[in-house]
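Notes for the one structure printed next.
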Amino acid sequence: MATLLTFSDLPDTVILDIMEYLSPIDVYRAMHGINNRLDNIIRYGTTRINLSNIESKQDFDYHMEHILPDVTTSLRFLKAANNFLFDQEQGHSDSRQRPVMFGIIKKVQAKLKLATYEKLEELSLKNVNGTQLKLISDEIGNMFQLKRLTISFYGTTADFCASLLSNAVIRSKLTTLDLFLTDANASFPNIPSTHILPNLDHLTVNACIIGNAAVLCRMVPNIKYLSICIWNFPNQRPTNSTETFILTNLTYLKLKLDEVRWNFAENFLKQCGQNVKHLTFKASDDFVFIDATKWENLMTNHMKN
């Protein structure tokens, strides 16, 4: 007589392979609570949770109440973002959905003790503002196991300096920074030379003026990836100023210039482009940027990679 096998009879490795094709919430809703063996397997196999791609408040609450409290010994990667979620409107039988915005990162900080996740090596915070960053910074400071910290910051220049640059813990752990400044024309205040981001290797800046670009480059001496838009107001400093941009480890550069002249671009690329292997360049309003002779001279003598 043939032996009847059930899902629970499958080897641990096969169940773990199946989990690779499912989201954590699907795994927990389908398998959790059946028996202790399956509970242990799914707990062991749940190492990455992305709260930024959740679209319903119900799913977010399920993660917070059932999944995250269960994986304190196995979770290695956590991503949270302040995105819009969708919730069913109360009192409507047609199940229409309405967008609901609430501080997801603030809720994560309030409900979870991130330092208790003993294997959590990578934390990513998306669309975080200065207030939320200050709230969660103490928790980050206690995460001694953390190896990579990614922050996508949205706010003013002043908030960025106060909440991130003034925080020694975040500066030391930050490896990836996406910076969206809502007042890109505001100048950075005086920043101490000790306020550098020594482990940052990936920087994206939506827009900044020339002076701020120079300050940022001084703070990130070890970056390998830079995507930045540099612009200049007609009534601000001339673009022929000789700022210092030394990024010796830079290999990927995506540079966009707006109202900035060739002499600045040339100076920037001479200093930063020595080891660049991938360059994307875009500029506006100056035909000198299409001068092939200038580019040939620049790339032959200063960008040999």
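The values are calculated or read from the model by the stated rules, or taken from the named source; none is laboratory data. None of the values given here were measured: they were computed from a predicted structure. Cβ atoms come from the backbone with ideal geometry, glycine included; neighbour counts cover every protein chain shown. The protein model used for the area step is the full one, side chains on, heavy atoms only, and it has no ligands, DNA or RNA in it. Shrake-Rupley method; radii C 1.70, N 1.55, O 1.52, S 1.80 Å.
FRET efficiency for the pair His195 and Gln274, taken as 1/(1 + (r/R0)^6) with r the Cβ-Cβ distance and R0 = 35 Å, rounds to 0.85. Of the chymotrypsin sites (Phe, Trp or Tyr not before Pro) in the range 112-163, the ones in a loop by DSSP (not H, G, I, E or B) with at most 13 other beta carbons within 10 Å are Phe144.
Mind telling me which of Thr176, Thr251, Thr13 comes out most flexible in a GNM of the chain, alpha-carbon contacts under 10 Å? Taking springs between Cα atoms under 10 Å, the residue moving most is Thr13. Of all lysines in the structure, those lying under 18 Å Cα to Cα from Lys107, and not within fewer than 8 positions of it along the same chain, are Lys57, Lys79, Lys126, Lys134. Mean residue ellipticity at 222 nm, helices only, the chain: -8500 deg cm²/dmol; runs of at least 4 DSSP H residues each add -39,500 (n - 2.57), and the sum is divided by the number of residues. Each Lys or Arg adds one and each Asp or Glu takes one away; over the other residues whose Cβ falls under 12 Å from the Cβ of Pro192, this sums to +2.
Based on every Cα atom in the chain, Rg and the maximum pairwise Cα distance Dmax equal 24.1, 89 Å.
Go ahead and run the numbers for FRET between Ala30 and Lys224, Cβ-Cβ distance against an R0 of 35 Å, rounding to 0.05.
Taking R0 as 35 Å, the efficiency between Ala30 and Lys224 is 0.30.
Using 0.36 nm per residue and subtracting the Cα-Cα separation, the extra length available between Tyr21 and Lys134 on full extension is 37.1 nm.
Computed about the Cα centre, the dipole magnitude for the chain is approximately 760 debye when only Lys and Arg (+1) and Asp and Glu (-1) carry charge, each at its Cβ.
Charge tally for Asp201 (other residues, Cβ to Cβ under 12 Å; Lys, Arg +1; Asp, Glu -1): +2. Size check on the range 120-273: the Cα extents along the three principal axes, sorted descending, read 46, 29, 25 Å. The length gained by stretching the chain between Thr73 and Lys113 to full extension, at 0.36 nm per residue less their Cα-Cα distance, is 13.1 nm.
Note on the chain: dipole from Cβ charges, positive end direction compared against Gly33, Thr150, Ile209; the farthest Cα belongs to Ile209. Find out how many positive minus negative residues lie around Met31, taking Lys and Arg as positive, Asp and Glu as negative, among other residues whose Cβ is under 15 Å from that of Met31. The answer is -4.
Highest mean packing comes first when the peptides 290-303, 129-142 are listed by Cβ atoms within 10 Å, giving 129-142, 290-303. The heavy atoms of His66 present about 90 square angstrom of accessible area, all protein chains included, probe 1.4 Å.
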